[in-house]
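A quick write-up on the structure given underneath.
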Amino acid sequence: MLDTTLEQLRHHFITLPEREALAVVQKNIADCASQISSGEMRQQELEKLLNVAEATSATLRKKRERLEQQMKTVIAPREAEALQHEILTVNTELNTADEESLAFMEESEHIDSTLVAARAALVELRTAEVTATAALHEAEEYKKAEARDVEEKRQRLAETLDEKWSAAYELRRSQHKGIAVAKVKNHVCGGCHLDLSTSEVDLLKKETDENRECPNCARWLVF
């Protein structure tokens, strides 16, 4: 059963809760870093959009000033009416540009506050990653020590076995994912987990150790 214990320890090593905890922290770090990167990229876009909107506003204000100056010099009603219409159009465009500028600034302020929080969270997550990494390393070393103890016991036991038995045992291990011997409990093979009938169990109990094998998976059985 030492090999079964070793297989269990290998499984435990792979599925350590500390490993999962570290993976969760690292995923959170990746998500947080991605959020920061996206926010910074959007800030750059908003800066460009704001510059364009402000330049547009400045151009429209100059155009409105020029039109208003022209209004002071015109006499013909039709010409004055045309200028008034053009001034109204410029005012509409200017309001739109100003509203866009305000929207860009408000979004930028919101992103700024989000980035401050995300950067602070990232610092905390980096600290948590260090802690989780240390915890995983400690847990791994503990499992490795357990496995070494079992391997040493296995080695001492193997040295007492007949070479023929050892060879047959290792062959079965290679054929059955490292588990050559399985325990029967409640008429169930511990290797393949299939049921054995009462008659099969009775016959197997009468067999020699070398011939007492599971009819389903061919592992040696112990009762």
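The numbers here are math on the coordinates, done by the rules we state, and not lab data. Computed from a predicted structure; not experimentally measured. Neighbour counts run over all protein chains shown; Cβ positions are idealised from the backbone, glycine included.
Net charge near Asp98: determine it from the other residues with C-beta under 11 Å of the C-beta of Asp98, scoring Lys and Arg +1 and Asp and Glu -1.
Local net charge: -3.
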message: Over all directions, how big on average is the projection of the convex hull of the alpha-carbon atoms in the range 163-222, in square nanometres?
response: 3.7
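About the Cα centre of the chain, how large is the charge dipole given +1 on each Lys and Arg Cβ and -1 on each Asp and Glu Cβ? Please answer in debye to the nearest 20. It would help to have the intermediate numbers written out before the result.
Values: 30 positive and 42 negative charges, 131 e Å.
Dipole about the Cα centre, nearest 20: 620 debye.
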message: Using the Karplus curve 6.51 cos²θ - 1.76 cosθ + 1.60 with θ = phi - 60°, what ³J(HN,Hα) values do you get for each residue of the range 76-85, in whole Hz, with x for Gly and Pro?
response: 5, x, 5, 5, 5, 5, 5, 5, 4, 4
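Express the C-alpha Rg of the range 107-193 as a ratio against the empirical globular expectation 2.2 N^0.38 Å, rounded to two decimals. Before the final figure, lay out each step's value.
Values: Rg = 25.7 Å, N = 87, 2.2 N^0.38 = 12.0 Å.
Cα Rg divided by the expected 2.2 N^0.38 Å: 2.14.
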- request: State the answer as a single residue: which of Met71, Ser57, Ser37 lies farthest towards the positive end of the charge dipole of the range 1-101, with beta carbon charges of +1 for Lys and Arg and -1 for Asp and Glu, about the Cα centre.
  value: Met71
query: Setting aside same-chain residues fewer than 8 positions from Lys143, which lysines have a Cα under 30 Å from its Cα?
result: Lys27, Lys153, Lys177, Lys183, Lys185
task: Calculate I(q)/I(0) for the range 14-158 by the Debye formula, one identical point scatterer on each C-alpha and no solvent, and give its log10 at q = 0.09, 0.11, 0.12, 0.14 Å⁻¹ to two decimals.
output: -0.58, -0.69, -0.74, -0.83
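Looking at the P(r) of the range 63-137, how many percent of alpha-carbon pairs lie beyond 21 Å?
Across the range 63-137, Cα pairs with separations above 21 Å total 61 percent.
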- prompt: Summing +1 for each Lys or Arg and -1 for each Asp or Glu, what net charge is found among the other residues whose Cβ lies under 13 Å from the Cβ of Asp162?
  reply: -4
Histogram of C-alpha separations across the range 1-88, 5 Å bin width, %: 3, 11, 9, 8, 7, 6, 7, 5, 6, 5, 5, 4, 4, 4, 4, 3, 3, 3, 2, 1, 1, 0
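Before rounding to the nearest 500, sum -39500 (n - 2.57) across all DSSP H runs of length at least 4 in the chain and divide by the residue total; then give [θ] at 222 nm in deg cm²/dmol. Spell out each step's value before the answer.
Working: 5 runs with 172 residues, N = 223.
The per-residue figure over the chain is -28000 deg cm²/dmol.
Among residues other than Glu18 whose Cβ falls under 9 Å from its Cβ, what is the net charge (Lys/Arg +1, Asp/Glu -1)?
On the way: positive: Arg19; negative: Glu20, Glu138, Glu140.
Net local charge, Glu18 excluded: -2.
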